[in-house]
1. Output the residues belonging to region 74-86 that are farther than 22 Å from Arg149 by Cβ and surrounded by 13 or more Cβ atoms within 10 Å (Cβ to Cβ).
2. Hey, among Tyr69, Tyr59, which residue is buried (at least 18 other Cβ atoms within 10 Å of the Cβ) and in a helix (DSSP H, G or I)?
3. Mind telling me which of the residues Thr150, Thr89 ends up being more than 24 Å from Ser36 (Cβ to Cβ) and surrounded by fewer than 21 Cβ atoms within 10 Å (Cβ to Cβ)?
4. Return yes when Gly105 is without any contact (Cβ under 8 Å) to a residue 12 or more places away in the chain and on the phi > 0 side of the Ramachandran plot and no when it is not.
5. Could you list, ordered by first residue, the pairs with Cβ atoms under 8 Å in which the first is in region 28-57 and in contact (Cβ under 8 Å) with a residue 40 or more places away in the chain and the second is surrounded by 16 or more Cβ atoms within 10 Å (Cβ to Cβ) and part of a helix (DSSP H, G or I), at least 6 apart or interchain?
Amino acid sequence: MQQNKGQRGFSLIELLIVVAIIGIIAAIAIPNLLASKRSANEGSAIGSVRSINTAEATYFTTVGQNLNYGSLANLQTASLIDSVLSAGTKSGYVFAVTTVAPVAGSAAQYEVKATPVSANAVTGTGTRGFYSDESAVIYGLPGAAAPVRTATGATGSPIQ
């Protein structure tokens, strides 16, 4: 048997090739991973807006004094939403509920808005804002701002 001295391990070229391959794989995988996280955050935001809509309908018919809607804190106190959502921030989105008490001749109203914490297209937590009201239709709008109520409905595209 003949033994070669100096042949113990990898050469510098072999190690550089492996590092380059790992770098190429990371360059392909990381943007896809970030896009998947944004998509998951947006799905969670839509689900949270849907949960708030359900909680508002329940609050209105059972707890709300004089047929009023409730704030996030009211909904959490009535055990209709969890404490994470009632804090106003969940899965990279900020949630805000605005209620309007009924005035003579008009019904009570509420609107819920979900806006991404960061709307950056590469590293952001989401690329769309969401809006819903007592109609329970969820609207989405690209960008950091959530859609708003108008005289003819909400701006943006219906999600549901």
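Readers should treat all values here as calculations from the given coordinates under stated rules, not as data from a laboratory. What you see is a predicted model; the values in this text were computed from it and never measured. Glycine also receives a Cβ, built like all others from the backbone with ideal geometry; neighbour counts cover every protein chain displayed.
1. Gln76, Thr77, Ala78, Leu80, Asp82, Ser86
2. Testing whether each residue is buried (at least 18 other Cβ atoms within 10 Å of the Cβ) and in a helix (DSSP H, G or I) leaves just Tyr59.
3. Unique residue meeting the criteria: Thr150.
4. Yes: the conditions hold for Gly105.
5. Taking only residues 6 or more apart or on different chains, the pairs are Ser48/Leu85; Ile52/Leu72; Ile52/Leu75; Ile52/Leu85; Glu56/Leu75.
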